[in-house]
Amino acid sequence: VQLQASGGGLVQTGGSLRLSCEASGRTRSIEAMSWFRQAPGKERKFVVGISWNGGSRYYADSVKGRFTISRDNAKNTVFLQMNSLKPEDTAVYYCAADRSVYDYTEIRDYDYWGQGTQVTVSS
């Protein structure tokens, strides 16, 4: 499975961005897809996740009410709509996928990772 992330950029505080993550290869094996982010000098952290078939969604407390994850199975793509962005949302955002995820927030549960896309929120 290969993941291609896109959609990052520079935005002002309060603005919006939409990230995309397209999966290719053995996509039928995917059970879950998620977004993580990593700010400079900090650990990579879970942001949001979605089950590929069941539609279950999981959000980090820091983004609830502002970020929305969705998917288009026909296009093998997951989207992350980010609204009301804050400077603390600045990070490289990575999409991740796996065949079986026990804990959506756990980095070690994911075998497949995209290359990352930079999101910068200016104050």
Two pseudo-spin positions, 7 Å from Cα along C-beta at Asp103 and at Gln115, lie apart in nanometres by 3.1
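Whole number in Å², please: accessible area per residue of the range 12-96, 1.4 Å probe, ligands, DNA and RNA not counted.
Numbers: 4310 Å² over 85 residues.
Result: 51 Å² of accessible area for each residue.
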Taking Asp109, Asp103, Asp61 and ranking on accessible area (1.4 Å, protein atoms only), highest first, one gets Asp61, Asp103, Asp109
The chain, convex hull of Cα, quarter of hull surface, nm² -> 6.7
Here the relative contact order (percent) of the chain, from C-alpha pairs under 8 Å and at least 6 apart, is 36
Expressed as a percent, the portion of alpha-carbon pairs in the range 1-48 spaced more than 13 Å apart is 70
In the range 22-121, taking the dipole from +1 charges on Lys and Arg beta carbons and -1 charges on Asp and Glu beta carbons about the Cα centre, the listed residue (Trp35, Ala60, Ala74) farthest towards the positive end is Ala74
With every protein chain kept in place and a 1.4 Å probe, the residues Arg18, Arg26 fall, from largest accessible area down, as Arg26, Arg18
Given unit charges at Cβ for Lys, Arg (+) and Asp, Glu (-), the dipole magnitude of the range 21-123 about its Cα centre in debye, nearest 20, is 160
The extension gain from Arg26 to Ser56, computed as 0.36 nm times the residue separation minus the Cα-Cα distance, is 8.7 nm
Sorted list, accessible surface of protein heavy atoms, 1.4 Å probe, largest first, for Phe79, Phe67 is Phe79, Phe67
If the label point sits 7 Å along Cα→Cβ of Thr13, residues of the range 43-79 with amide N under 20 Å come out as 62-67
Expected field for Lys86, accessible surface area in Å² at 1.4 Å probe radius, rounded to 10, holds 80
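The values are calculated or read from the model by the stated rules, or taken from the named source; none is laboratory data. Since the structure is predicted, the reported quantities are computational estimates derived from the model, not experimental observations. Positions of Cβ are generated from backbone atoms using ideal geometry, with glycine treated the same way; all protein chains shown enter the neighbour counts. Just so you know, the surface numbers come from the protein's heavy atoms only, side chains and all, with ligands and any DNA or RNA stripped out. Shrake-Rupley method; radii C 1.70, N 1.55, O 1.52, S 1.80 Å.
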